[in-house]
1. Contact list please: Cβ distance under 7 Å, first residue in segment 184-198 and free of Cβ contacts under 8 Å to residues at least 12 places away in the same chain, second residue buried (at least 21 other Cβ atoms within 10 Å of the Cβ) and assigned to a loop (DSSP other than H, G, I, E, B), pairs at least six apart or on different chains.
2. Contact list please: Cβ distance under 9 Å, first residue in segment 124-140 and among the basic types (Lys, Arg), second residue part of a helix (DSSP H, G or I) and surrounded by 13 or more Cβ atoms within 10 Å (Cβ to Cβ), pairs at least six apart or on different chains.
3. Condition (residue is within 18 Å of the chain's Cα centre (by Cα), of a type in the set (Ser, Thr, Tyr) and not in a loop (DSSP other than H, G, I, E, B)) applied to segment 64-81: is it met by at least one residue?
4. Output the residues belonging to segment 94-138 that are of a type in the set (Ser, Thr, Tyr), in a helix (DSSP H, G or I) and surrounded by 13 or more Cβ atoms within 10 Å (Cβ to Cβ).
5. Report whether or not ARG108 is closer than 21 Å to ASP26 by Cβ, of a type in the set (Lys, Arg) and in contact (Cβ under 8 Å) with a residue 24 or more places away in the chain.
6. Look through ASP31, ASP26 and report the one residue that is at pLDDT below 90, over 24 Å from GLU199 (Cβ atoms) and among the charged types (D, E, K, R).
7. Is it the case that some residue within segment 76-93 is surrounded by 13 or more Cβ atoms within 10 Å (Cβ to Cβ) and at pLDDT below 95?
8. Check whether at least one residue in segment 139-150 is over 30 Å from GLU115 (Cα atoms), among the hydrophobic types (A, V, I, L, M, F, W, C), over 14 Å from the mean Cα position of the chain (by Cα) and not in a loop (DSSP other than H, G, I, E, B), and report yes or no.
Amino acid sequence: MDESIALYLQANTSGRFQSDVLLCYDYRSVDMPAGIPDILGDYAERTVVAWSLGVWAASCIALEGIDSALAINGTLKPISTGEGIQPDVFRATLDSYDEDSRIRFIRRMCGSAAELERFYAIAPQRSAHDQKAELGAIAGHVAAGRPSAMLEWSFTHALIGGCDLIFPPQAQEQAWSGTRRRMVKELPHFPFFAFNDWEKVCSCMED
């Protein structure tokens, strides 16, 4: 992805939402840019919202003082037989990823023709070559065992799409068995048409 999804959420969010948003994407590097931890340290409350492969990416970053964290349609083991995407499926996706396969992937991600059309209006402005390089880097990071350090925080909530065709719902349920989780039966992998503003997203962390 790029910043387009976050801008879409921001545009739909009312003025009642007073939080600032730090957006992270492109996980070829999972190192936090210099200076960002110091900026985050100025906030009294910090919340993590991570989607898809971003759930794993968030676990690679040395964040401190996290009050709550929501994982959406992703797990800490993104390439895994039991708790993520099947390794052979991930490898096949990576090996064959090009402009044509990207279209097929987006169709599976959105879950329906109607949502596919809506997605194209806010789709990331990145090339298939660029995205393939990112997938390859993620595979390398995972194979190397990153993250290697214990997190000082943990995901407190998980939102699972019952119609997710990327991260199997059963794998997500297994991955988050000890975490407060919510299953939305009709939700595809792309969740941001159902949860289309920051308030709705953050409501998933209300107990």
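The values are calculated or read from the model by the stated rules, or taken from the named source; none is laboratory data. All values reported here derive from a predicted model rather than from experimental measurement. Every residue, glycine as well, gets a Cβ built from its backbone with ideal geometry; the counts of neighbours run over all protein chains shown.
1. ALA194/LEU187
2. Final answer for the pair search is ARG126/GLU134; LYS132/LEU94; LYS132/ARG102.
3. We begin by selecting, within segment 64-81, every residue within 18 Å of the chain's Cα centre (by Cα); these are 66, 68-80.
Then drop every residue that is not of a type in the set (Ser, Thr, Tyr), which leaves 68, 75, 80.
Applying the additional criterion that residues be not in a loop (DSSP other than H, G, I, E, B) yields 68.
Scanning segment 64-81 turns up at least one residue that is within 18 Å of the chain's Cα centre (by Cα), of a type in the set (Ser, Thr, Tyr) and not in a loop (DSSP other than H, G, I, E, B).
4. Of everything in segment 94-138, just one residue is of a type in the set (Ser, Thr, Tyr), in a helix (DSSP H, G or I) and surrounded by 13 or more Cβ atoms within 10 Å (Cβ to Cβ), namely SER101.
5. Considered against the rule, which asks whether it is closer than 21 Å to ASP26 by Cβ, of a type in the set (Lys, Arg) and in contact (Cβ under 8 Å) with a residue 24 or more places away in the chain, ARG108 comes out as no.
6. On the way: ASP26 fails: at pLDDT below 90.
Just one listed residue meets the conditions, ASP31.
7. As a first pass, look at segment 76-93 and keep what is surrounded by 13 or more Cβ atoms within 10 Å (Cβ to Cβ): 76-80, 83-87, 89-91, 93.
Next cut, at pLDDT below 95 only: none.
No, because not a single residue in segment 76-93 is surrounded by 13 or more Cβ atoms within 10 Å (Cβ to Cβ) and at pLDDT below 95.
8. Within segment 139-150, one or more residues are over 30 Å from GLU115 (Cα atoms), among the hydrophobic types (A, V, I, L, M, F, W, C), over 14 Å from the mean Cα position of the chain (by Cα) and not in a loop (DSSP other than H, G, I, E, B).
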